[in-house]
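Reading through the structure tokens given below for one structure.
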Amino acid sequence: MAGNWDSSYEQGGQSDDSYHFERLHLEPIYDAFICPLTKQVMRDPVTLENGQTFEREAIEKWFKESGRKLVCPLTLRELRSTELNPSIALRNTIEEWNARNEAAQIDMARRSLSLSSPENDIILALKFVQDLCLKSRSNKHVIRNAELIPMIVDVLKSSSRRVRCKALETIRIVVEDDSDNKEIMAEGDTVRTVVKFLSHEQSKEREEAVSLLYELSKSEKLCDKIGSVNGAILILVGMASSNSENVLTVEKADRTLDNLAQCENNVRQMAECGRLQPLLNLLLEGSPEIKLSMASLLGELVLNNDVKVFVARTAGFSLINLMKSNDTQLREAALKALNQISSDDVSAKVLIEADILPPLVKDLFTVGTKQLPMRLKEVAATILANVVNSGHDFDSIVVGPDDQTIVSEEIVHNLLHLISNTGPAIGCKLLQVLVGLTSSPSTVYSVVSAIKSSGALISFVQFVEAPQRDLRLASIKLLQNLSPHMGQELADCLRGASGQLGSLIRVISENVGITEEQAAAVGLLADLPERDAGLTRQMLDEGAFELFISRITRIRQGETRGSRFMTPYLEGLVKVLSRITFALSEGSGAARALCREHNLAALFIDLLQANGLDNVQMVSAMAIENLSQESKNLTKLPEFPAPGFCASIFPCMSKPPIITGLCKVHRGTCSLRETFCILEGQAVDKLVALLDHTKENVVEASLAALCTLLDDGVDIDQGVQVLLDAEGVKPILDVLLEKRTDSLRRRAVWAVERLLRNDEIAYEVSGDPNVSTALVDSFQHGDYRTRQIAERALKHVDKIPNFSGIFANM
């Protein structure tokens, strides 16, 4: 019977003749081949006692149906038994007919599986191949022997998406559970072609491609082949972690990657793409050789912080055990991997909990035949620096015999010894360890004590001149951490002719933007005792203040590009510069000359407006206080001519000359540049504004600067009037009422007492119970000096009779 492909092969119900594959001279289907029940060609024909033939499965089902008599379904006549006799001859005839038909159909499929064939013919041929393989597993070798597999692969190049999808599906069915057919897929560029479909825009092609790769990945040989295709594993990892792909596609991609993990090279690629679980599995369960390979790879990878934490939790303990191995290669690989994952604070804390510190410390301190090579000691020192700088509490973690901790004196002394007796690379890392330990309030005092007992401070100061930037930075950061606790010792070391102070100044003044090293160096100088006159004098001689003024000016004018170290750098510069104002009270002519030459009063007044930089505002206010304290000594008082003879006899005949332009507070000729007068610099309004600041130290510094207008040696009445004009009285009273800190309360009580010497202010305040209550509270609970001042203030508002004073008049 000649005709078309069976209609079951047609796709989409197409009726156009061009969508049909013409069959030529196929043998007809004989009626004897057809089961009367199924109307299909029989596979296992059996005969009843009456001679009628049926498909075995169909007639057995007929008999099993309940309520039926034993009758022939064709004749409907009753049967005596259900005995089924195999029709062997007919079955053989059908099988021979099927074989001849399938051979003809395969031959037609060969002719249809060509890029030049019509689309529907190709699809019908592919559907035939699928049905043939699904009909019997043994038919897959028929397809292989007919050499159809390469032809199916070839139509993957079709311009038709339908053809490509059907071809991918057909290949999957052909190779499923057939290792020989999979072997054919390993030939040539077939796998590469399939992989390309993973990046296609059409999701259907991607789904079919990943399903096929999953099937192929069951073959170890093909695992290696798939992994060798550039980008294959990267794409699969992306698909497996995608939130936009079909759920089944994601699952297939994930299972494909699991299969590909049979090959070590694939595991490496997956790790590089961020899929680390296969690597970690081998690291935990593999042979020593595999563990070495995986640990080595882990040490080479660049990991993000989340992955570092995952690795630390999964394999940290195993890596620490490898680090304890007697095998140098294993120890090296483990150390390098631990170095990689310890660089994140969270993962470092995980390693601490896995007890990494004792073996690390042991590796660093061990000498003799069992000691680590110096290159590995550097890695161990780096890990220790990473771990210690994670912010963990180390004062309770035992790392040595006799319950020694990392901050025990002997351990710190050993670290100091190593720093002095190893090269700059290890020394730098160990300095970073000390930086971490001195950054924590719980460990800094123990480290400071050990450094003092060892006399190592001078060595750290000498590192300031090291040519290696990392070593220099570590030493400067350590000295900065030590300066609040060893400020005077550090100032003594820096003073002199050794040159370290000059080195610090050069680092701070480098015209390279703003670096961490510069911020640390200026922070170190900023924390040194500000009243150390010798250090200030040496900084004057070194020209440091002029350099720092220039840097501050450039930053304020926007000429220096910003960085994350801009704020600490500017804060440090301003604080170091402010120390020149502390030298004024010592009568330093050089300090006074520098302040005048560079008009520092104007600079600090400008810095009061550095909003958001609390420390800059606080230090500037402190500097203004120091400068303003000098105004009463520097103001030029008017000179009056001596009275004439008549005036000396008859005073009524003499009138004092009238001199204009005098400062009403300082009673002389003032200027901002020459006498540092804050009235001339319009600083009062800015200082008053800062009394409303949220930070107590800024408020206290600003109040202290304003108090110089009320101090002994100036016209207090005029100072009060200046504050009235600037609307500064109420903010000062508010500071008293807020009771923020003891020191701020002491300062506010002093200022309020001076203000209350003004009768108008005293009258107004006497009616405010809140101010009275605050003064009474200070009178009752303040220190001795504050109670004295509070008593006088209460007398001003008639809350305490003048005769009831319990303190001696001051």
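A few comments on the model shown:
- Full extension of the chain between Gln609 and Arg469 yields a length gain of 46.9 nm, computed as 0.36 nm times the residue separation minus the alpha carbon distance.
- Degrees between helix 305-323 axis and first principal axis of the chain (Cα, 0 to 90, nearest 10): 80 degrees
- Simple label model, 7 Å out from Cα along Cβ direction - Val247 to Gln277, nm: 1.8 nm
- Value of D in µm² per second that Stokes-Einstein yields for region 111-259, Kirkwood Rh from Cα pairs, at 10 °C (1.306 mPa s): 103 µm²/s
- Subtracting the Cα-Cα distance of Phe365 and Asn321 from 0.36 nm times their residue separation leaves 14.0 nm of extension gain.
- Candidate cross-link partners of Lys739 among the lysines, defined by an alpha-carbon separation under 25 Å and a same-chain spacing of 8 or more, comprise Lys686, Lys695, Lys730, Lys795, Lys799.
- Rounded if a/c under 1.5, otherwise prolate or oblate - region 391-442, Cα gyration tensor axes: oblate
- Summing Cβ point charges (Lys, Arg +1; Asp, Glu -1) relative to the Cα centre of the chain gives a dipole of roughly 560 debye.
- Taking label positions 7 Å along the Cα-Cβ direction at both Gln780 and Ile290, the computed distance is 7.9 nm, reported to one decimal.
- Region 97-161: relative contact order as a whole-number percent, Cα under 8 Å and 6+ apart: 37 percent
- Summary value for the chain: 4 percent relative contact order, contacts being C-alpha pairs under 8 angstrom separated by 6+ residues.
- Computed FRET value (nearest 0.05) for Asp541 with Ala593, which takes r as the C-beta separation and R₀ as 22 Å: 0.95
- For region 483-607: rounded, prolate or oblate by the Cα gyration tensor [a/c cutoff 1.5]: oblate
- Filtered trypsin sites (Lys or Arg not before Pro), region 326-373: DSSP coil and at most 13 other beta carbons within 10 Å: Lys370
- Placing +1 on each Lys and Arg Cβ and -1 on each Asp and Glu Cβ, with no other charges, gives region 330-480 a dipole about its Cα centre of roughly 560 debye.
- Residues listed by number, region 476-501, amide nitrogen under 15 Å from Tyr445 label point at 7 Å toward C-beta: 485-486
- Projecting the Cα atoms of Leu525, Ser347, Leu216 onto the charge dipole of the chain (Cβ charges, centred on the Cα centre) puts Leu525 farthest toward the positive pole.
- Counted residue by residue at 0.36 nm each, then reduced by the alpha carbon distance between them, the extension gain from Asp742 to Gln262 reaches 165.7 nm.
- Distance (nanometres) between label positions extended 7 Å along Cα→Cβ at Asn633 and Glu147: 10.9 nm
- Reachable aspartates and glutamates from Lys636, criterion Cα separation under 16 angstrom, eight or more residues apart if same chain: Glu674, Glu680, Asp715
- Take the Cβ atoms of Asp393 and Asn305, set R0 to 22 Å, and the FRET efficiency comes out at 0.55.
- Lysine pair count for region 314-457 (Cα-Cα distance under 17 Å; residues 8 or more apart in sequence or on different chains): 11.
- Rounded to the nearest 500, the helix-only mean residue ellipticity at 222 nm of the chain stands at -19000 deg cm²/dmol, with each DSSP H run of n ≥ 4 adding -39,500 (n - 2.57).
- Principal-axis tilt of helix 566-582 within the chain, Cα atoms, nearest 10 degrees: 10 degrees
- If R0 is 56 Å, the Cβ-Cβ spacing of Glu187 and Asp402 corresponds to a FRET efficiency of close to 0.20.
- Cα gyration tensor shape of the chain, rounded if a/c is under 1.5, else prolate or oblate by comparing a/b with b/c: prolate
- Taking GluC sites (Glu not before Pro) across region 169-208, the ones in a DSSP loop with at most 10 further Cβ atoms lying within 10 angstrom of their Cβ are Glu201.
- Cross-link partners of Lys157 among lysines, defined as those whose alpha carbon lies under 29 angstrom from its own and excluding same-chain residues fewer than eight positions apart: Lys127, Lys135, Lys140, Lys166, Lys182, Lys196, Lys204, Lys218, Lys221, Lys225, Lys252.
- Highest mean packing comes first when the peptides 453-466, 426-439, 258-271 are listed by Cβ atoms within 10 Å, giving 426-439, 258-271, 453-466.
- Our summary gives region 44-155 a relative contact order of 21 percent, counting only alpha carbon pairs under 8 angstrom and 6 or more residues apart.
A short reminder: the numbers here are calculations on the coordinates, not readings from a lab. On a predicted model such as this, the values are computed, not experimentally measured, just so you know. Cβ atoms come from the backbone with ideal geometry, glycine included; neighbour counts cover every protein chain shown.
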